[in-house]
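Okay, so here's the structure we're looking at.
No lab work stands behind these numbers, since they all come straight from the coordinates. No experiment lies behind these values; they were computed from the predicted model shown. Neighbour counts are summed over all protein chains in view; Cβ atoms, including those assigned to glycine, are modelled from backbone coordinates with ideal geometry.
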Amino acid sequence: MNRIFKVGISVGFLSGIMCIILYYVLCALLDLRFEQLNPFSIMIASIVVNVIGAFIYNKIQDRTSKPRFYYGLVTVLVALLLSLYDWAYPSEPNIAGIANTLHALTASLSIAWIPTWLTNRRSPN
């Protein structure tokens, strides 16, 4: 459990950094600023969802022969639902375009890194 938590935090931290960089680039290009969407909230959300994702992947890994496929499916579905929610109920004007891009990046990095890191670091029982 400690290993899963560490992988989730590591992937969350790295994807959070990438999302913060993308956030600043998009805000500069589009000349937008948001109160609720800021580097701190991006980092916290990225870490939380990747820790949850690491635990989900660990459970899927024990129950199926294709854990990467099912984890990718779950991750894309969750990112899609979060993006649709941002489009339907935006907390600030124009936030959906930026937030949805960050959802896509976080989901992509989670799909790429969590299965790889948990599979490579899996200890024998």
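Below are the figures for this structure:
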read-out: Potential extension, F40-L77 segment - 0.36 nm per residue separation minus Cα distance; value: 10.9 nm
read-out: Segment I9-Y85, extension gain: residue separation times 0.36 nm, minus the distance between their alpha carbons; value: 24.8 nm
read-out: Pairwise FRET efficiency - I17 versus E92, Cβ, R0 = 25 Å, nearest 0.05; value: 0.60
read-out: Cβ-based exposure ranking for E92, E35, in which fewest neighbours within 10 Å come first; value: E35, E92
read-out: Selected from N94, N58, N50 as most flexible by GNM, with the chain as the system and alpha-carbon contacts under 10 Å; value: N94
read-out: The chain: relative contact order in percent, alpha carbon pairs under 8 Å with at least 6 residues between; value: 37
read-out: Rounded to the nearest 20 debye, dipole of the chain from Cβ charges on Lys, Arg, Asp, Glu; value: 800
read-out: Inter-label distance, nm, simple model (7 Å from Cα along the C-beta direction), A112/F69; value: 2.3
read-out: Difference of contour (0.36 nm per residue) and Cα-Cα distance, K59 to D31; value: 5.9 nm
read-out: (1) 14, 43, 29, 12, 2, 0; (2) 12, 39, 36, 12, 1, 0; (3) 13, 47, 35, 6, with the label sought being that of the calculated P(r) over Cα pairs in 10 Å bins from 0, in percent; value: (1)
